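Asker: Before I ask anything, here is the structure I am working with.
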Ligand code: AMP
Ligand code: MG
């Protein structure tokens, strides 16, 4: 819960930043809602078409609730919009991505590792896997979704959330064994099926939040009454459409050395996905050393590239999220090269607080 609180304060910065009006005048308020799902905080701010009779018919909204005047509730049929977003996130996790829930495809694929004939994969997961394997190849394995067994040995998520206590470093022998069960080159996908060596476990934790943003953006396209939105799923944020006053979306970049503060913001128009990977998100400390949740697959240890956080800006949630994890492992120079290969922009903050960004990012980033 400790780390969720940290994320919550970070999210509050993000939402504050993204709903600021340019000149402070009153503007149409968005539907707002905050939940916990995918092990993180989900924040929604959704602007919907103003009622043709005029006036700002959206009232003020409380946490975990969507309140509006009763008068318009029936009439608009929008009551369930934020709930539908939550349902989409839940389904994505339950049906496709979770390694914990036996209802998901990833769970089944892991269970069937080593099986003759492999495992059939849904079209949407198959497409995701194709993209992720491409990022693995181009990042020399810095992103590797076969890292499951190593991630489980560290269990940083569980220690960081307080679910587990008494953190100790994993046994080196077990770590070496677990590393033998990883390696993206050892899996094959072909004709709608995936083939995993026996005992291997996929973990899509690096991209679940970004994948959720893609699903939500697609849903908004099918709901023309949604004119604009900012949705944050932990460290991944979607901006969609426009604000009623046509000002830019402002997405804060958190200061990884002081995560309750921001170092600046990205000013964006229209649809974007922004993913941040940072060592402040989930970590435990032992004897004054921080052990965080992003593993360098070449060592089996938390990545140590001198980077504290990486923010990737792109048009696609899955790819931005995949790249943020890969860039965190690779470090500044190789990370900028990788992001460029995928047409994404990237901003790094290193352990001294130094900011380095791709040339294209300069257009969007404004320091405090
Ligand atoms: P993110 O916060 O998006 O960088 O994702 C971190 C999560 O991805 C971790 O909690 C693990 O579940 C998983 N993970 C950690 N290291 C890697 C890696 N090198 N490649 C792929 N997934 C990873
Ligand atoms: Mg990621």
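The values are calculated or read from the model by the stated rules, or taken from the named source; none is laboratory data. All values reported here derive from a predicted model rather than from experimental measurement. FYI the Cβ positions are ideal-geometry reconstructions off the backbone, even for glycines, and counts take in every protein chain you see.
Asker: Output the number of the condition that residue 235 fails; it satisfies all remaining conditions of (1) touching a strand residue (DSSP E or B) at 6+ places or on another chain (Cβ under 6 Å); (2) closer than 21 Å to residue 368 by Cα; (3) more than 16 Å from ligand 1 (Cβ to nearest atom).
Answerer: It is condition (3) that residue 235 fails.
Asker: Now for a different question. Sort out which residues of region 284-299 are touching a residue at least 24 places away in the same chain (Cβ under 8 Å), within 11 Å of ligand 1 (Cβ to nearest atom) and surrounded by fewer than 21 Cβ atoms within 10 Å (Cβ to Cβ), and write them in order of number.
Answerer: Selection gives 296, 298.
Asker: Let me ask something else. Could you figure out which of (1) under 26 Å from residue 296 (Cβ atoms); (2) in contact with a strand residue (DSSP E or B) (Cβ under 9 Å, 6 or more places away or on another chain) isn't true of residue 111?
Answerer: (1)
Asker: Any residue in region 314-342 that's closer than 19 Å to residue 303 by Cβ and in a helix (DSSP H, G or I): show its pairings with residues that are within 15 Å of ligand 1 (Cβ to nearest atom) and modelled with pLDDT under 95 at Cβ separation under 9 Å, as long as the two are six or more apart or on different chains.
Answerer: That search, which allows pairs on different chains as well, returns 321/235; 324/235.
Asker: Now, a different point. Looking at 195, 184, 159, can you tell me which residue is more than 24 Å from the chain's Cα centre (by Cα) and buried (at least 18 other Cβ atoms within 10 Å of the Cβ)?
Answerer: Just a single option satisfies the conditions, and that option is 195.
Asker: A further question on this structure: Return the residues of region 252-263 that are in a strand (DSSP E or B) and in contact with a helix residue (DSSP H, G or I) (Cβ under 6 Å, 6 or more places away or on another chain); say none if nothing qualifies.
Answerer: Scanning region 252-263 gives 252, 254, 262.
Asker: If you don't mind, another one. Checking residue 190 against (1) touching a helix residue (DSSP H, G or I) at 6+ places or on another chain (Cβ under 6 Å); (2) within 19 Å of residue 132 (Cβ to Cβ), only one condition comes out false. Which one?
Answerer: (1)
Asker: Report whether or not residue 310 is under 23 Å from residue 179 (Cβ atoms), within 12 Å of ligand 2 (Cβ to nearest atom) and either in contact (Cβ under 8 Å) with a residue 40 or more places away in the chain or surrounded by 23 or more Cβ atoms within 10 Å (Cβ to Cβ) (or both).
Answerer: Details: under 23 Å from residue 179 (Cβ atoms): no; within 12 Å of ligand 2 (Cβ to nearest atom): yes; either in contact (Cβ under 8 Å) with a residue 40 or more places away in the chain or surrounded by 23 or more Cβ atoms within 10 Å (Cβ to Cβ) (or both): yes.
Here the answer is no, as residue 310 does not meet what is asked.
Asker: Can you tell me which residue in region 216-235 is farthest from residue 38 (Cα to Cα), limited to those that are more than 16 Å from the chain's Cα centre (by Cα) and assigned to a strand (DSSP E or B)?
Answerer: Checked region 216-235; the qualifying residue farthest from residue 38 (Cα to Cα) is 227.
Asker: Further question on the same structure: Which condition from (1) away from ligand 2 (no atom under 16 Å from the Cβ); (2) buried (at least 17 other Cβ atoms within 10 Å of the Cβ); (3) outside any strand (DSSP E or B) is the one that residue 304 breaks?
Answerer: With (1) away from ligand 2 (no atom under 16 Å from the Cβ); (2) buried (at least 17 other Cβ atoms within 10 Å of the Cβ); (3) outside any strand (DSSP E or B) applied to residue 304, the lone miss is (2).
Asker: Quick one: what pairs do we get from region 121-145, first residue farther than 21 Å from residue 181 by Cα and at pLDDT 95 or above, second within 13 Å of ligand 1 (Cβ to nearest atom) and assigned to a loop (DSSP other than H, G, I, E, B), C-beta under 8 Å, 6+ apart or different chains?
Answerer: 128/204; 128/207
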